[in-house]
Structure formats: C-alpha cells, structure tokens
Amino acid sequence: MKKRGCGIGSMWYGIGNTGLPNPSGAFVQVLDDCTVIIHTGCADIGQGSTTVLAQIAAEELGVNFNDISVICADTGVTPDAGKTSASRQTYISGNAVRKAAQSAKETIFKKGAELLQVPEEELILKNYQLNSLKNYNIQISLKEIMAKCREDGTLVIGHGWFNPQTKGLDKRGQGIPYATYAFATQWVEVEVDTETGEIDILNVVAAHDVGKAVNPMAVEGQIEGGSVMGAGYALMEEIILDDGKIINSSFSNYLIPTIKDVPCVNSIIVEEEEVTGPFGAKGVGEPALIPTATAIANAISNALGIRFYELPITPEKILNSLKTANNTNKNQRDF
Amino acid sequence: MSHKVIGCSVEQINGSKKVTGKSKFTDDLKMQGMLIAKVLRSNIPHARIKKIDISIAEKIPGVIAVLTAKDIQGENSVGIIIKDEPVLTDEKIRRIGEPIALIAAETEEQADMALAAIDVKLEEIQGVFDPEEALQPSATLVHKGGNLLVHKKLRRGDAETAFKEAIVTAESNYITQMVEHAYIEPEAGIAYCDQDKVILLVSTQDPHYDREEIARVLGIGQHKVRVIQQPTGGGFGGKLDISVQCHVALLARATGRPVKLTYTRQESIIASPKRHPYKIYYKSAAGEDGKLLGVKVKIICDTGAYASYGPAVVTRALVHATGPYSIPNVHVDAYGVFTNNPVCGAMRGFGVPQMAFAHESQMDILAEKLNISPWEIRRRNFLTPGAITGTGQKLGQSVGILETLNKVQSYVKEQGWGN
Amino acid sequence: MYWEKYLKVKTLHEAMEILKLYQGKARLIAGGTDLVLQLREKKKRVSVLVDISDLPELQYIKEEHGQIKIGAMTTHSQLAASPLLWEKVIVLAQAASSVGSPQIRNVGTVGGNIVNAQPAADTVVALMALDAKVVVFNNDGGEEKIPFSELFLGVGESKIDPTSQLLKEISFSLLPEMRSSLGRLARRKALALPILNIGIVLSVNKKENRLHEARICVAPVAPVPMRMKEAEKTLLSRKLSDELLISASKAAFDAADPRNSKLRGNTAYRKELVRVMTYRTLKTALATRGGVGDEAGSITV
C-alpha cells in the first residue's frame, strides 16, 4: 500500500564566520581598452563565484560582462579572500570586489570631472560613458578617459576589502554572530510503500531568500543541487562505522541519490534585499540543503502518522516502525 | 534601481569547458620528471607507535623518498582552528587513516610496493567511539587535555519559567548520522620547487590557508610558498582542511622534483573529514496562542579524532538551535567531543542541517498538539524585522522567512498538490 | 599495471590456445566491469588478460526450436534492447536493464555476469529461474554442458575456470504460455546492488486456471542464488488464487535465510521483503505474456 504525505522545513543561516572576523580582499584594474581584470583570492569550487564576482564588477563599472576577466585563488597574485565556506563569497568577496571597483572608479571620476569641468558627484558611469546627471550632453567616453590617464601616467587600479560587522559571542552566547542571515522554506511531498518501506519524493518546492539573486540560474542550480544533497541526507547517505572503521568506503556502498531518485525541484527566489550586501545579495550555497531533510522527515511522518527521530530514514526503519506502531493502515491482507 | 548585469543569468565562466570535459583538473596535469606520492595510513583507530622501519621501502627501485615525522623541519601539525593534527604521526594514532609515512616514487606500482614494505610496530590502545561514553570520567583519552573539545552555552531569558508557564511542551531526542561530501573529484595536488620557492597546484577551497599551513610545516616564510587553485570538482566543506598539500610540499622539497598525490576514492572517503553526527535533546514550550515560550537544547557533536572545524560547527549549531523563530527564553548547551572515529569537519550547512531536523520536527509536534497547521505554527513564530534572536541580536531588514513560507504555500496550492 | 599483458583475440580458437600456452597464468576478460575492480583491489591476480569481448561468434540472441540461445559476450545493453526477449522472456530483459548504469550495461556481458558469480547478479537470478544451461569449452578441445543449478559454488565462485575454460553459450527452453518477471529492490533507483532480486518464471494452463510449472529464484539470501522449491511446489498444488500466491510467498519467506548485514539490512527485514516481493512479482508475472503458444487473455487470480 502506498501512502502520501507532505512536510515543511524552514531554516535560517548566518552568512560568514560566527562572530569572528573573516575579511576578503580584491583588486580591480581597468585597462586602456576599457576591459577589466579582477584579482581575488576567492576559490570557485563549482558554485560559480567567479561568474558572480565578474557580474558585480561589471555592474559597478558599467561595462559588459564579457569585458571582465577574473584571476582567482592564486596566492602568488591574488589577495586573501578567505574561505569558500559559510555561504560567504557572494556577500563578502562580492562586497570586496565591488569596493575595489568603486575605488578604480574614483580615479575615472576624478579624471572625468577634471576633463568635463563638473564636480565628481554630478557624474554617472554607464555603458562606457561618463555623463553629467544634470546635463546629459556633458559626456566623455570611458575610452577617452583611459587614454588621458595613460597620457599623464595614471593607472586605474582599485583595491577593496570587506569584513562583515559582527560582535563575538560572550560566555552566555550573546552577541552579533552574523551581519546578515539567509532564510528558506521548503515543502516536500512523499509517497511511502508500507510493505517495502520504499520512499519516493514526488515534489519539492523550495523558496529561498537570497537578498538579491546576482545570477538567478546559478541560484536555482544551488537550490536544486542542495535539495538533492538534502534528500540523500534524509533517506540514504550514511557512513557506517565499526569501531572507527568506515565499512562503506566506496561509491558502490556509500550511496548518494541518482537522477532517478530525485524529482523536479521547483525553486522560488525571494529577494529581501540586504543593504550591506553587494546590490542587496546575501548567500544561498548552504541554505539550499538545510531544510530538505527535515521537510522529508516531516512528510514521512505526515504520511504514516509515525515520527522518525533518526536520520537517515531508510526503508528498513520505516518497516520496523510500522511494525512497532502496529499501524492499522497496514495492508489488511494477513500475510 | 535597474541593473544591467546583476540579476542576469549569464553563462558560467568556464562552464562550457566543464560540461564538455575540457577542464584540466589537477590529476590531469603532468610535469617533466614528476614523481607519484602515496601515504601510509593507519588501519587501526587508536595506538601508540613503537617503531617505524623504512629501510626496506627505501631500497625498492624507483623509490626516491620515504619520509616520516622526523623529516619535517617546521611544525608537525595542522588544523584550521586548533593545530592538533600531525602531518605525519610518530607517536600516537588516533584514528583510522592517520598518515604515518610518505613515499615518492617513479611509478604508482613502486610507490605501492614501498607502502607495503614499511614496517610499523604498534601498541594498540582501547578506542572510544561514542561521544557520550567519551565524556565519562573513566573513558580512554584521545588527547591529553581530555575528550571535551568544547562546550558552548547560549542563555537568554529564563527557560525554566517558560516551561512552567507553557500550555504545551514537546520533548524529543534526535540522532543524525555521519555523512561524506562525495565531491566528484577526489583530493589532488602537485608540488614543485622553483629555486627557493615551493609551488602548489591543488584542488582546494582556500589557497591562502593552505599557504599558511605549508609554510609553517616546511619552516619557511609564507612568501616562499605559492598555492594556485586548480579547477576544483566540488568541495562542500571537505576541501577546507589540509589533505595532500603539506605531503606533496614535503616530498617536492625532499626530492627536488615535482610530486603528485591524488587520493583514490576510498582514500578520500577514509581520510577526509565528515559531517558531524549529532545527538540532540530538544525541549520546546509553547503557549495557548501557539507562540514559542522557550527551548532547552543539549547537543552532542562527535568531532572524531581531531578538532578540524569542530569548534565552529558546535558554535553554529548553538546559534541556530532555535530555528528561524522568535523565542524569548533560550537555553542551549553544545558539546564537541573527541573520539577515535573519523575526523568531522566542515560540510555544507556546518551543523545546521542537523539542528533543522530537530527544530522543524519539534514545530510539527507542537502544531499537532495545538491542533493548528504546520504552516500556521511557523507563521506565528517566525523572526521578523526588529525581532531579537537567541543571541540577543536585533534583526534589521532583509528577514524574508515569512515570504518564503507564503510563496511556497501559494505555489503548492496553485499546483493542487498535497493534502 | 595490474597485469603484464593484455591480448585482444580475433577468434575463439586463438583465445583457447593462449589459455593453454600460459597454463593458468592467463585469464579471460569480457567487459571487465567486475574483474578490473577485483584486480585493482588485488582480490584477484593475473599475468595475462585475454580479451574476448569483441568476438562476433559469441554475440547473439536467437530462438531455435523453442529454445533461446545467447552468446556469452552479449552485453547487457544488447539483452535489454532485444525485442525477442521483451516479447518472450521478460524476466531476462528486465534483469539486463537493471544492471548498473548505461555505461556498465554497454560493456558488461551476460557471460561475465555468470562467471563472476556474485550472489545477486541480475541476469543470473533470471537465468536460474529460466532453468538455463551453459556450454563451456575446455582448453583440451572438449565441450561440456552445465545446468545453472550446478554452476555456483559460493560467493564469487563458479564452476567455470576462466584461466582454462570459456563460457560460450547460455540456453534455455521457452515454456508454453510462459509468464515471467523480475522483482528487484535496492537502496536507490539506479546503479545500486540489489537488497533483493526475485526472478519468477511460470507456465500457465489457462483452461484449468493453474500452473504447469513455477520457478522462483531469490537472491541474495544465501551465498548462491537460491530456488525456492517449497514455494514452487505450493504454486503447483492447486488452482490459482490470491490465497495460493500468499501461501507461496509465505513458503519463500520461510525458506529464505539472509544474514544480518550492516549494508543490506537485518535478517527480519530482508525476510519480510522476500514475502512481499515474491507476492508482488508473482502478480506482475501473471499479468505478462511470453514463451511459446501464448494466446491473448489473462488469468484470474
């Protein structure tokens, strides 16, 4: 017999290290042809930070995304950006890159103001063009400014760093552990086979408050991947130990979900912009995974009327619990 | 404000190279004269080393270097928070997979032969594998300073009174398991020397931390170490700790040749840190209106043989124990405990998925007791702008938790899903 | 490497000559999906590998005089894509489709699956239920036929010695009004070893609403795939009914004796699965069609 149920999981997650400094630094250089190089220590491990940081610099400098090149994670040439952990790179390194871009921009504005004979505050840089906000006919191309800079020996290089505002926890755990938090709610529907204990995940809906999605498809990628990882955590993943020895140290016996084990994940991006974030962004890397397992556990409980207090919830545990509960919904055939 | 690039799903830089298999990962790289490294690891969890004899291994043709702890010129320790893990142990073994000796050889077969030829004499010690047992006064000590790595407290308001005033309470114990990151690319690194500098090409989540540790272990300045991250096939927290970095650096310095070390999948699973298994004792109290009055939580985290990211995972669990809810009275104790189990460290979520399993189960249990829906109980308790968290932090803006719930609920309704 | 020489042969004869020449130091390799891992993990050792995977004379699926004959080097993908098998021997087509992943099915062969003798090998469970036989060539030029019931000696151990013998062909008879099905449970939906595999082959007598023949093979509940004789007897004892299927499932449950396993589950759980899955697979099998002389129309249970 198959029984269906649904469950919710909500979560919060502090971005960056807990009540500890975790700064990130970046360099941004605008070249004579108006292309841009970013130097950042930020290690892209597949999550897409390189792309996100390039987007932030492109937006700040008003240049095309394809005119940005990123050199990252090489201690010989890039400044320290801290760890790719704690869902911190978009928020912290994103801010560092933005500040570095702003610092490069200052040079451009200074030169532009000088050439256009207007105050810097009046200027806006967009589409490779510096314009006066007051009079759009007062303008100069970025290329021209770069040429003038070259002429008088000015390099357009900016550096920036960012450290989130936190306050360490005291002995009673009081303080400001994080400058900002990501939030999420996920909903899962499952179907449980009460005779074999097998669990099918039918639907996943995952809404994540990421502040601002710098790259929505990348955010969805994180939500989908995280949900799959969370499904593995809920249902099948487990390092099995025998006196400290891992007895399933291969992918034939340590199982993670395959494409056949997970349904379509319906991602919803919620954007409650964070004023201290780069263009309002927070983070999503870890939050993506956090509510899935518990939503699945709640869905199974909802389906069977039995609560599970131990992960992973395997078919064997389902059958044992059904037996113990002597569940009246069990197949009425006496066999 | 309208943006030009922010909010656009531009193609991932290097994305097409990755999906077409053209990215060169560390193990794809070859250098002139490159040696292959292997690590001799313990296969018992707790022991004292009496003797390490490498004399036969050294004589195997093709074997260029066999290193043990005595060959380390700098400090023989690494660790993100506490430097408690030996690079190569010659005294005590605290876990299975503990590195004891390094080999660099011309071929993998020769390195394997040398591994088998190293003779290690051990005196086994009774191990401790359960964190609560490890906290008993009679327990075997994993480290001299005791088995308690850290005990963190969170106190806000008066939880005892809250439970007295509560209309409903829920008390449950939760257990979560140890899991593996399962990144697609196992750990890999190449080290080579360029005059007095050591250059590392490595799969990592933080080259700057790697640099610091390599310099300390080699006993040279950080400016003499250059770490270049290679395309990295996932990390999920598992590539934050030192894996191959110090080992290949030591071998490159000892041999003067490039040295590559790539873990097999099995070695990766055995040697890399895992997600902490938790035991969580959770008590919640709520009033008639379904509002949470207080929680009392005890968390036991098994950090395994070394600290790794343990203290930070424990602290994060402590802070996140309440879930995204406004709770006036909070009492949390979180313990990180050493055992002879595999090391647990950082893994995507950092101790919070475990806590979410507990606090979200509690919410459903309370909802059932109060006869309100799981949606409603959350809605009534969510953090809002201006709310005070368990750590006493007043939240400002960007608190979108209610919005996420509302969006999910409408989506589910629109689809006609669920019951 | 894990071997010294790797020889790819062009004929069957050449393969046998090489085995003879190396006197036990050479070993046949088919798809290598198990063997290469075993060599890497040093569970097996070998000097010379003789690759027979490309021999066309060992790759066929055909029907001859009421018999299905399959060349040993037929891959799982080929079996899984065979209209003949899907039409007449569903259990084997299902079994081949259940093996590993597409990549593994593309190189792994039915012959390799048999010789490697893993206790729950998918095609083996199906072939046991089909009461298949194998034709084996010896390196002295002789040939012998071995029934599946005598083929397996223990975990990873079959009667065929790939250092001196070559498994050439697998054959079995089609039954009148044959119904068959594979029941499989694993910890996930693809690329996972089974917790339980059940192959069922039935021959029905529609007029009398009973079975002519019933074969149930279950694995892994013992070191080798096991035929559930009591359950089979039960199925033949009376007219088909739901109660009959329930009794047969109970008999399979009683006969199964899987061990406690930290990876596959404890005995009680696995026995319970034998009961549930035997019943379900019997139901599914009865709803299929196949074999020879099948007519439309279902049987009532």
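Structure values in brief
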read-out: Relative pair counts by distance (%), Cα atoms of chain B, 20 Å bins; value: 23, 46, 27, 4
read-out: Radius of gyration, Dmax [chain C; alpha carbons; angstrom]; value: 19.4, 62
read-out: Between the stretch B:173-226 and the stretch B:305-357, the alpha-carbon center distance in angstrom; value: 24 Å
read-out: Taking B:331, A:208, C:212 and counting other C-beta atoms within 10 Å, the order from fewest to most; value: C:212, B:331, A:208
read-out: Cα convex hull of the stretch C:117-206, projected area averaged across orientations, nm²; value: 7.3 nm²
read-out: Qualifying aspartates and glutamates (Cα of each under 20 Å from Cα of residue B:394; at least 8 residues distant if same chain); value: A:170, A:209, A:272, A:273, A:274, B:158, B:403
read-out: Long-range lysine pairs (8 or more apart or interchain), the stretch C:79-217, Cα under 15 Å; value: 6
read-out: Relative counts (whole %) of C-alpha pair distances in chain A, using bins that are 20 Å wide; value: 27, 44, 22, 7, 1
read-out: Cα-based Rg and Dmax for the stretch B:198-258, where Dmax is the largest Cα-Cα distance (Å); value: 11.0, 33
read-out: For B:338, B:382, order by how many other beta-carbon atoms lie within 10 Å, fewest first; value: B:382, B:338
read-out: Local electrostatic count, residue C:254, Cβ distance below 15 Å [Lys/Arg +1, Asp/Glu -1]; value: +3
read-out: Cα long-axis angle, helix B:401-415 against chain B (0 to 90 degrees, to the nearest 10); value: 80 degrees
read-out: Solvent-free Debye scattering, log10 I(q)/I(0), computed from the Cα coordinates of the stretch C:67-135 at q = 0.14, 0.16, 0.19, 0.28 Å⁻¹; value: -0.34, -0.45, -0.65, -1.53
read-out: Rg [Å, one decimal], Dmax [Å, integer] - the stretch A:14-63, C-alpha atoms; value: 13.2, 43
read-out: Inverse mean reciprocal Cα-Cα distance (Kirkwood Rh) of the stretch A:240-324, Å; value: 16.7 Å
read-out: Among A:223, A:300, A:247, residue whose mean-square fluctuation peaks in a GNM of chain A (springs only between Cα atoms under 10 Å); value: A:247
read-out: Whichever lysines have a C-alpha closer than 17 Å to that of residue B:22, once near sequence neighbours (fewer than 8 apart) are set aside; value: B:30
read-out: Filtered trypsin sites (Lys or Arg not before Pro), the stretch C:1-60: DSSP coil and at most 11 other beta carbons within 10 Å; value: C:10, C:42, C:43, C:45
read-out: Relative counts (whole %) of C-alpha pair distances in the stretch A:79-192, using bins that are 10 Å wide; value: 12, 28, 21, 19, 13, 6, 2, 0
read-out: 13 Å beta-carbon shell around residue A:308, net charge (K/R +1, D/E -1); value: -2
read-out: Overall Cα dimensions of the stretch B:134-273 - principal axes, largest extent first, Å; value: 71, 34, 31
read-out: Partner aspartates and glutamates for residue B:50 [C-alpha distance under 16 Å; skip if fewer than 8 residues away on the same chain]; value: B:90, B:91, B:98, B:119, B:123, B:124
read-out: Sum of -39500 (n - 2.57) over DSSP H runs of 4+, divided by residues of chain A (222 nm, nearest 500); value: -9000 deg cm²/dmol
read-out: Debye intensity ratio I(q)/I(0), log10, the protein assembly as shown, q values 0.07, 0.08, 0.09 Å⁻¹ (C-alpha model); value: -0.73, -0.93, -1.14
read-out: In degrees, nearest ten, helix C:267-286 long axis to first principal axis of chain C (Cα); value: 80 degrees
read-out: Rh by Kirkwood over Cα pairs, then Stokes-Einstein D for the stretch C:56-173 at 0.890 mPa s and 25 °C, µm²/s; value: 175 µm²/s
read-out: For the stretch A:138-194 and the stretch C:15-55, distance of Cα centres in Å; value: 57 Å
read-out: DSSP beta bridge pairing in chain B, given as percent antiparallel to the nearest 5; value: 75 percent
read-out: Helix B:310-320 vs. chain B, principal-axis angle (Cα, 0 to 90°, nearest 10); value: 10 degrees
read-out: Ranking of B:93, C:29 by count of other Cβ atoms within 10 Å, fewest first; value: C:29, B:93
read-out: Selected from C:167, C:84, C:37 as most flexible by GNM, with chain C as the system and alpha-carbon contacts under 10 Å; value: C:37
read-out: Pairs of lysines in the stretch A:68-149 (C-alpha under 30 Å apart; 8 or more residues apart or interchain); value: 25
read-out: The stretch A:24-162: antiparallel DSSP beta bridges as a percent of all, rounded to 5; value: 80 percent
read-out: Neighbour net charge for residue C:48 - beta-carbon separation under 14 angstrom, K R +1, D E -1; value: +3
read-out: Viscosity 1.306 mPa s, 10 °C: Kirkwood-radius Stokes-Einstein D of the stretch C:178-286 over Cα pairs, µm²/s; value: 114 µm²/s
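No lab work stands behind these numbers, since they all come straight from the coordinates. Here the structure is a predicted model, which means the values were calculated and not measured. Note: ideal-geometry Cβ built from the backbone for every residue, glycine included; neighbour counts use all protein chains shown.
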